[in-house]
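The values are calculated or read from the model by the stated rules, or taken from the named source; none is laboratory data. Note that the coordinates shown come from a computational prediction; the quantities given were computed from them, not determined experimentally. Here the Cβ positions follow ideal geometry from the backbone for every residue, glycine too, while neighbour counts run over all protein chains shown.
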2 protein chains.
Amino acid sequence: MSSRQVPLAERVALTLERHAKELCELTNRHMSADEREAVALAIPILVQLLKGGHGASAAALAIDHLGVNSAANTNAIREAGAIAPLVALLQAGAGSKAATTAAGALWSLAYSNDTNRNAIREAGAIAPLVALLQAGAGSEAATKAAAALWSLANSTDTNQDAIREAGAIAPLVVLLQAGAGSEAATIAAGALWNLANSNDTNKKAIREAGAIAPLVALLQAGAGSEAATKAAGALGNLSNSNDTNKNAICEAGAIAPLVVLLQAGAGS
Amino acid sequence: MSSRQVPLAERVALTLERHAKELCELTNRHMSADEREAVALAIPILVQLLKGGHGASAAALAIDHLGVNSAANTNAIREAGAIAPLVALLQAGAGSKAATTAAGALWSLAYSNDTNRNAIREAGAIAPLVALLQAGAGSEAATKAAAALWSLANSTDTNQDAIREAGAIAPLVVLLQAGAGSEAATIAAGALWNLANSNDTNKKAIREAGAIAPLVALLQAGAGSEAATKAAGALGNLSNSNDTNKNAICEAGAIAPLVVLLQAGAGS
């Protein structure tokens, strides 16, 4: 079939999808600061590709890559209007590559950027991110959603409360149960670490949701394990100024593995 | 040289330029209404390509094509923010393909769209369009600029006055002198037709700038000639409720060729 016979709307859509993929191929997660700056001129175009819906996954992935470790880019991406269409992509659910990629991009945008953390919450991202968590530890969508919630919960009471109120704690505890070999469990421990930071309501809710036993289990992975490090952080925040939690953590057998971790830390 | 060795900024710029050209190739001046609608989804992306400056000429040409005969598209193009970057491209001057293409796009956007006519004036387009006129009848930039001013002068006193105040009348009269074989002269006659419409200050200024003799000369091209039709329109508006102009037009020998045109009209 010659190009003339393909309806123009379809040719335009395919062209835009290819363009998004080509721009995405010019990016990667490990770009240098100079490279990120070089690609920044494509940000407004990527955001329009995201909004238009043709090539949205590729555009979201490129945006994810451009947002990593670049405050300038994460601000430019927000200012170009990316957050609302990324949140819209989340709605496609855990079976959708676009939703997974959008959750990853929101993780990048929320990381180390308070303005973005608030803008992402205000755009309605928390409920669909929590819905993605339900897909469980084997789902990349759930892992990326947990990571986005981890960043969103950082240093902001409003977000910590909103994430709890949206029902995130129970499915994060389910992810913990996948154990130290699971990236999802590690990330869920990180999310709970931030959710428990100086937030008494969350400390109580996380204990009541049954997080302490699986967090203690993650400690067993030992020094050098990301899972154990994040679990130790979460248990530290849960016990801080909270005697009920301190007792529960002791009773769950945390002392011995924490001592092992501490000894490894002291010797390293 | 492999693609890896080309600096990333250059690769991104070249990619965006190619993308603009590919989108431009999916458009043309003679698209059907359905085709225009099919391409409308690319409008925000084209506007970003225009703003980014890589592939700006191709993006401006596509925008020109999409604006022809489509009120929906001309509104969408304005709302997507095209007018300011098109005006910025005009500044490159008559030797620049980008400026010529931008003038053409502004012509499309101003045509039959009052909101755009005002927005284009407010964005500061009139002075650089008048500057392009100075390149003379052999210049495509001057021809496109005259066409844009023609559309801008339609049905709006504010624009008619602003165009006169920016010094457009003298260079439009120069373009008239290129004669009926010149597209620039035909378009200049069209612009003067609109500038003289119910605007006494402009009627006087156009006569004083020496337009009447070259307009009468264009009449000689006879029925079927665009140049003669536009010149007759201009002379009609110049003479309307203005005895000084009526006398000057008579003295310049307009009656005989106007009678010829009228007779041809009556028989057609």
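Here are the numbers:
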item: From A:N118, A:N197, A:N154, A:N113, residue being in the same structural domain as A:G236 (by TED's automatic domain parsing), closer than 30 Å to A:E79 by Cβ and surrounded by fewer than 23 Cβ atoms within 10 Å (Cβ to Cβ); result: A:N197
item: Subset of the stretch B:40-50 (residues that are surrounded by 19 or more Cβ atoms within 10 Å (Cβ to Cβ) and within 7 Å of another protein chain (Cβ to nearest Cβ)); result: B:A42, B:P44, B:I45, B:Q48, B:L49
item: Tabulated pairs, the stretch A:9-30, first within 7 Å of chain B (Cβ to nearest Cβ), second of a type in the set (G, A, S) and surrounded by fewer than 17 Cβ atoms within 10 Å (Cβ to Cβ), C-beta under 7 angstrom, 6+ apart or interchain; result: A:R11/A:S3
item: Matching helices (runs of 4 or more DSSP H) fully within the stretch B:1-81 where at least 3 residues are hydrophobic (A, V, I, L, M, F, W, C) and closer than 19 Å to A:I45 by Cα; result: B:8-25, B:43-52, B:56-67
item: Condition broken by A:T201, with the remaining ones in (1) in contact with a Leu (Cβ under 9 Å, 6 or more places away or on another chain); (2) under 18 Å from A:Q160 (Cα atoms) satisfied; result: (1)
item: Residue match in the stretch A:57-69 (condition: within 14 Å of another protein chain (Cβ to nearest Cβ) and over 19 Å from the mean Cα position of the chain (by Cα)); result: no
item: Residue match in the stretch B:84-95 (condition: within 14 Å of chain A (Cβ to nearest Cβ), part of a helix (DSSP H, G or I) and of a type outside the set (G, A, S)); result: yes
item: Top-ranked residue in the stretch A:210-249 [being of a type in the set (A, V, I, L, M, F, W, C) and surrounded by fewer than 19 Cβ atoms within 10 Å (Cβ to Cβ); ranked as nearest to A:I163 (Cα to Cα)]; result: A:A213
item: Test: residue in the stretch A:180-188 that is surrounded by fewer than 19 Cβ atoms within 10 Å (Cβ to Cβ) and in contact with a helix residue (DSSP H, G or I) (Cβ under 6 Å, 6 or more places away or on another chain); result: yes
item: Flag for A:R121 being among the charged types (D, E, K, R) and under 22 Å from A:G233 (Cα atoms); result: no
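Let's see how each residue does on (1) assigned by TED's automatic domain parsing to the domain that holds B:Y111; (2) over 14 Å from B:N245 (Cα atoms); (3) not hydrophobic (A, V, I, L, M, F, W, C):
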position: B:W150; (1), (2), (3): yes, yes, no
position: B:A162; (1), (2), (3): yes, yes, no
position: B:A184; (1), (2), (3): no, yes, no
position: B:N202; (1), (2), (3): no, no, yes
position: B:A205; (1), (2), (3): no, no, no
position: B:A209; (1), (2), (3): no, no, no
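Here's the yes/no breakdown for (1) within 14 Å of chain B (Cβ to nearest Cβ); (2) closer than 27 Å to A:A153 by Cβ:
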| site | (1), (2) |
| --- | --- |
| A:A38 | yes, no |
| A:H54 | yes, no |
| A:N73 | yes, yes |
| A:I120 | no, yes |
